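Written below as structure tokens is the structure these notes are about.
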């Protein structure tokens, strides 16, 4: 299902859309800065750096040559981007060992997200689009390290807030990340260099697993 609207397509490729993404994500970054002032935990500092990086990349992103005009693709992109807000902060009590493991996973995943964002650079985008193909650093290991980072963060959150609801939501969110990755690959495969890259890097999210 594709929208045939040249004006909307132009808007999604435009610098104006980039500015709107920057302003919106910048507001989230400002909120994290306010919470950061209350508690300088490592995880809070990393989250602030991550959101600040994403905000900047939205502002300077290259205009894609092709952008998906499928509203299902848009919905999946938005749902996965903000899926963290749907998880519950309540769950059964866990021991300090699991809690520490979850904290380590969060820090590792946010650092992975920051590194991935920096590697993507101006190719970073919200919607599935045809962008410059990036194959260096973490992209030599898996094809979607940004989504790997997001999934691991949610796994860590579920560990700390273990409940049937959170586990089910984690499974659903992981499935949606997989769909989002597939939608992006459909668009990116219009580039011969990306087709070659897909053949070279076998795994989508986790090396040796999937």
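Every number in this text was worked out from the coordinates using simple rules, so none of it is lab data. Quantities reported herein were computed from a predicted structural model and do not represent experimental measurements. Here the Cβ positions follow ideal geometry from the backbone for every residue, glycine too, while neighbour counts run over all protein chains shown.
Where the alpha-carbon atoms of the chain are placed on the principal axes, they occupy 53, 39, 32 Å, in descending order. The distance from the alpha carbon centre of the stretch 154-205 to that of the stretch 54-80 is 16 Å, rounded to a whole number. Packing-based ranking of 114-127, 143-156 yields 143-156, 114-127, ordered from highest to lowest mean Cβ neighbour count within 10 Å. Taking Cα atoms only, the orientation of helix 71-81 departs from the longest principal axis of the chain by about 30 degrees.
If the chain between residue 179 and residue 86 were fully stretched, how many nm would it gain, using 0.36 nm times the residue separation less the Cα-Cα distance? Intermediate results must be reported in sequence, preceding the final value.
Values: separation 93, 0.36 × 93 = 33.48 nm, distance 1.86 nm.
Fully extending the segment from residue 179 to residue 86 adds 31.6 nm.
Per Stokes-Einstein, at 37 °C and 0.692 mPa s, what whole-number D in µm² s⁻¹ belongs to the stretch 118-173, with the Kirkwood radius over Cα pairs as the hydrodynamic radius?
Numbers: Rh = 13.2 Å.
Taking Rh from Cα pairs, D becomes 249 µm²/s.
Peptides 84-96, 10-22 ranked from most to least packed, by the mean per-residue count of other Cβ atoms within 10 Å: 10-22, 84-96.
In terms of surrounding Cβ atoms within a 10 Å radius of their Cβ, 34, 132 rank from fewest to most as 34, 132.
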